[in-house]
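Remarks on the structure that follows.
Laboratory data are not the source of any read-out in this text; all were calculated from the coordinates shown. What you are looking at is a predicted structure, and each value in this text was computed from that prediction instead of being measured. No Cβ is skipped: glycine too gets one built from the backbone with ideal geometry, and neighbour counts run over all protein chains shown.
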Amino acid sequence: MKSTKAAGRYASSLLDLSIEKGTLEEVKNDMVLVNQTIDQNRDLALMLESPIIKPDAKQRVLSAVFAKNTTKLTVEFLALLTTKGRESILSAVASSFIEQYRAHKGIISAEIVSAVTLSKASQDELVKVLSAAGHSIDLTEKVDPSLLGGIRVKVGDQLIDASLRRKLNELKVDVIKHKLSAI
């Protein structure tokens, strides 16, 4: 729990500093890169968490991996994390930064699951409907043939299930209730 709180504080500080320096978009892109790189590279993640590897060695590795593709502010931030002995929470810091960036920009994540791939026009119409509340929508689409038809839309922690599968299950429950009440 402490590392989550610490990650949030470090991310908040980086967000404030990047806004102040006018590099918010660049630093956000850097944090996406950092997060993806750590997620996709198990050896890097293990190295960052290892208490055996010295902080200066970790700092050299992070610099070698990220210095060419990130801003000076991000490189300095990574160095600060290793100096403070917080490199093990780097992935959590990057994730928290991305969440805080989305909140700052008013971006809401939405996931659409459908039985077949939606057309671009259908996606655009859904984004238009979902963004009616004045928020930007970051849409991800998944295909799940088991839905049979219709869609499921998840916005934040709300789920709207308009799938044929759900409707068939409801019908099945109604039929069973009707049969039991007739007995």
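Contact annotation: no residue pair with Cβ atoms under 8 Å, 6 or more positions apart or on different chains, pairs a residue in the range 47-75 that is closer than 13 Å to Asp30 by Cα with a partner that is part of a loop (DSSP other than H, G, I, E, B) and of a type in the set (D, E, K, R).
Would you check if Ile137 is in contact with a helix residue (DSSP H, G or I) (Cβ under 9 Å, 6 or more places away or on another chain), within 24 Å of Ala103 (Cβ to Cβ) and among the hydrophobic types (A, V, I, L, M, F, W, C)?
Yes: the conditions hold for Ile137.
So, Leu14, is that one surrounded by 15 or more Cβ atoms within 10 Å (Cβ to Cβ) and within 27 Å of Gly156 (Cα to Cα) or not? Here the answer is yes, as Leu14 does meet what is asked. Thr117 satisfies every condition listed in (1) surrounded by fewer than 12 Cβ atoms within 10 Å (Cβ to Cβ); (2) out of contact with any strand residue (DSSP E or B) (no Cβ under 9 Å at 6 or more places or on another chain) except (2).
The strands (runs of 3 or more DSSP E) falling completely within the range 66-166 that include 2 or more residues that are of a type in the set (D, E, K, R) map to 136-143, 150-155.
To keep it simple, each residue is scored yes or no on (1) at positive phi; (2) within 25 Å of the chain's Cα centre (by Cα).
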position: Gly106; (1), (2): yes, yes
position: Lys120; (1), (2): no, yes
position: Asp124; (1), (2): no, yes
position: Val155; (1), (2): no, yes
position: His178; (1), (2): no, no
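Of all residues in the range 137-176, those being within 17 Å of Glu111 (Cβ to Cβ) and either aliphatic (A, V, I, L, M) or surrounded by 13 or more Cβ atoms within 10 Å (Cβ to Cβ) (or both) number 20. Of the residues in the range 27-48, none is among the β-branched types (Val, Ile, Thr), over 18 Å from the mean Cα position of the chain (by Cα) and surrounded by fewer than 16 Cβ atoms within 10 Å (Cβ to Cβ).
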